[in-house]
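Quick notes on the structure that follows.
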Amino acid sequence: MDTGGNSLPSGSDAVKRKVCYFYDPEVGNYYYGQGHPMKPHRIRMTHALLAHYGLLQHMQVLKPFPARDRDLCRFHADDYVSFLKSITPETQQDQLRQLKRFNVGEDCPVFDGLFSFCQTYAGGSVGGAVKLNHGLCDIAVNWAGGLHHAKKCEASGFCYVNDIVLAILELLKTHEIDIHHGDGVEEAFYTTDRVMTVSFHKFGDYFPGTGDIRDIGYGKGKYYSLNVPLDDGIDESYHFLFKPLIGKVMEVFKPGAVVLQCGADSLSGDRLGCFNLSIKGHAECVKFMRSFNVPLLLLGGGGYTIRNVARCWCYETGVALGIEVDDKMPQHEYFEYFGPDYTLHVAPSNMENKNSRQLLEEIKCRLLDYLTKLQHAPSVQFQERPPDTEIPEADEDQDDGDERWEDFNMDVDDDRKLLSGRVKREAVEAEPKELEGQRGAAEHARGSEAMADETASAKPLNTVPMQMDEVNVKVEQENVKPSDQPYPKP
């Protein structure tokens, strides 16, 4: 098996990419609750497709090291992290005031293993940033991450910990897409020119209600937040905006690394979304970003028709590798989800595109004008790649640090082992066409201080590499030596 992660050539873009892929076999067992549209099971379905399409052998497959309390507190408030760590379904009735304070309860429910889930998905994103910073890969992938609505002191839109902000604090450069405005990420960096955020999203009577084209940052951060507000039904005309705008951002801002949040709720037919992108159209964004040869972190995000989420992220992993995968789906344990056609690609619907070419042209011109006002370098001088940071050898926050290292040598059946006593296995649920009881969320003020003032010197997470054969996982320790909605609601 090739564990170097080198990809195959892809058309005219024939430069090979070394890809690191983060996956925890237990992530699919976390369960938000009956009827909740957010289903971590989609990550396990994606992984199964990657295994049976033979893509895992072309990547370095890593089990993320769980984020520690102090890692999460690089952005989140200490008392909020402590609350997430302590709250359980059994104790939540005794903490009603805290639940309200931290916006936990309905869209962001308390479930078994909640804090472990946060540690897992955040660990993958920050671990990917560490790999990129150390030059150990060209592209890092964590489909469990991308939960961009979480705020410094509260949960929001199915998101508890904002792994994107944590990863950006490791990289200190960014860019993102999703059908929902990335309000938590934008808010974190709204007053700094050290991070540029770009959000393509549905705007209007839609969660989170933020992301107006006039929201461009504040103070030193003015013009470093770009919002691309779109209406229902956007299709392949998406690229009429995406490519010229992102091309100009890359030209002017010259990021040392890029974070691309690939929320799959912008796909046609999503349970909560209202865009009409095909999987290839969605993946064209990944292909375009890959062409810049800049260190790239690919993250998940929204996506509530889980069979299409798995299709999309499998195909986009192939794009990252430079491998064109067959439309005919191989037999695997979740094959029945993809009937009746059992293909990777699905045709977009005939829904009306409410985004006229004139409207898109006006948006493009206005945002390109904003970009002409950008300084060509941030106020703090950066190297081409953010400086390397030391990877910790031991966990200073946990009492079971030695046990944790011993666990790295165990074999894990990634699809079948339950988290004993902590996590409920998600039952297979039908995907209704409409969800009842969905509510929008109030718009959040932008008054929070930007976390980008923190330097890249804080300690990152470690990662645990895995060798994969089919869907069985062998976990080993790696020694890395540093160089010095209505529901996302929508």
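The values are calculated or read from the model by the stated rules, or taken from the named source; none is laboratory data. The structure presented is a predicted model; accordingly, all values stated were derived computationally and were not measured. In this analysis, Cβ positions are derived from the backbone assuming ideal geometry, glycine residues included, and neighbour counts consider all displayed protein chains. Areas reflect the complete protein model, heavy atoms only, side chains present, ligands, DNA and RNA absent. Shrake-Rupley method; radii C 1.70, N 1.55, O 1.52, S 1.80 Å.
Summing +1 for each Lys or Arg and -1 for each Asp or Glu, what net charge is found among the other residues whose Cβ lies under 12 Å from the Cβ of Trp313? With Lys, Arg at +1 and Asp, Glu at -1, the neighbours total +3.
Measuring nothing but protein heavy atoms, the accessible surface of region 118-162 at 1.4 Å probe radius is 52 percent carbon and sulfur. Heavy atoms of the protein chains alone define the surface here; on that basis region 245-349 has 29 Å² accessible area per residue at 1.4 Å probe size.
Each 10 Å bin from zero holds the following percent of Cα-Cα pairs in region 194-324: 12, 42, 37, 9, 0.
When region 214-278 is described by a simple charge dipole with +1 on each Lys and Arg Cβ and -1 on each Asp and Glu Cβ, the residue from Gly233, Ser278, Gly219 located farthest towards its positive end is Gly219. Among the protein heavy atoms of region 264-328, carbon and sulfur supply 46% of the accessible surface, probe 1.4 Å, non-protein parts ignored. A Förster radius of 30 Å, combined with the Cβ-Cβ distance separating Lys16 from Glu333, puts the computed FRET efficiency at roughly 0.45. With a threshold of 27 Å on the Cα-Cα distance, the over-threshold entries among Lys131/Lys254; Lys280/Lys354; Lys16/Lys280; Lys151/Lys280 are Lys151/Lys280. The slack in the chain from Asn293 to Leu368, taken as 0.36 nm per residue of separation less the alpha-carbon distance, amounts to 24.7 nm.
Accessible surface area normalised per residue over region 34-133 is 31 Å², counting heavy atoms of protein chains with a 1.4 Å rolling probe. The stretch between Arg97 and Glu352 holds 87.4 nm of extra length on full extension. This uses 0.36 nm per residue minus the Cα-Cα distance.
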